[in-house]
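Notes follow the structure.
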Amino acid sequence: MSDRRREERLEVSLDAVWDGKSGNYTARVTDLSESGCYVDTLGEAAAGDIVHFKLQLPGGDWLDLAGEVAHTTPPLGFGMRFLNPTDEQIEKLRSVIAHRQGPPHAPLLSF
């Protein structure tokens, strides 16, 4: 299977909740990009399902998103592509990613 991601995903550990066909669930997002994420959850979803998703941001606010389940790894969770994120949602995602990446590293000096 080829990796079709457009952006590199960053390892994170963020709380989330999601609603799908089978109910409402708590979750933890373990990787994140501007276009999608991986959701660790005991709730079941099928590839192609549309889910409503809330991601808790580092400052405590919640970011509402919608996504399509791209692949599943029962009973561990699923990968999801965000559907039509607004410019504001993308900026918030970029802010979280930049916050998690930290400041750029200074180049190493050799003597």
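The values are calculated or read from the model by the stated rules, or taken from the named source; none is laboratory data. Small disclaimer: the values here were computed from a predicted structure and weren't measured. We place every Cβ from the backbone using ideal geometry, glycine too, and count neighbours over all the protein chains shown.
Please state which of the following conditions residue 15 fails to meet, knowing it meets all the rest: (1) loosely packed, with under 12 Cβ neighbours inside 10 Å; (2) over 15 Å from residue 82 (Cα atoms).
Only one criterion is unmet by residue 15, namely (1).
Of all residues in the stretch 68-92, which are of a type outside the set (A, V, I, L, M) and either under 15 Å from residue 26 (Cα atoms) or in contact with a His (Cβ under 8 Å, 6 or more places away or on another chain) (or both)?
Correct list: 75, 77, 78, 79.
Which numbered condition trips up residue 22, out of (1) in contact (Cβ under 8 Å) with a residue 12 or more places away in the chain; (2) hydroxyl-bearing (Ser, Thr, Tyr); (3) closer than 22 Å to residue 8 by Cβ?
Only one criterion is unmet by residue 22, namely (3).
Output yes when any residue across the stretch 81-89 is farther than 15 Å from residue 10 by Cα, surrounded by 13 or more Cβ atoms within 10 Å (Cβ to Cβ) and either at pLDDT below 95 or among the polar types (S, T, N, Q) (or both), and no when none is. Reasoning before the result, please.
Here is the first cut: in the stretch 81-89, the ones farther than 15 Å from residue 10 by Cα are 82-89.
Keeping just the survivors that are surrounded by 13 or more Cβ atoms within 10 Å (Cβ to Cβ) gives 82-83, 85, 89.
So of that shortlist, the ones also either at pLDDT below 95 or among the polar types (S, T, N, Q) (or both) come out as 89.
Yes, there is a match, as at least one residue in the stretch 81-89 is farther than 15 Å from residue 10 by Cα, surrounded by 13 or more Cβ atoms within 10 Å (Cβ to Cβ) and either at pLDDT below 95 or among the polar types (S, T, N, Q) (or both).
Please go through (1) farther than 19 Å from residue 9 by Cα; (2) at pLDDT 95 or above for residue 54 and return the number of the only condition it doesn't satisfy.
(1)
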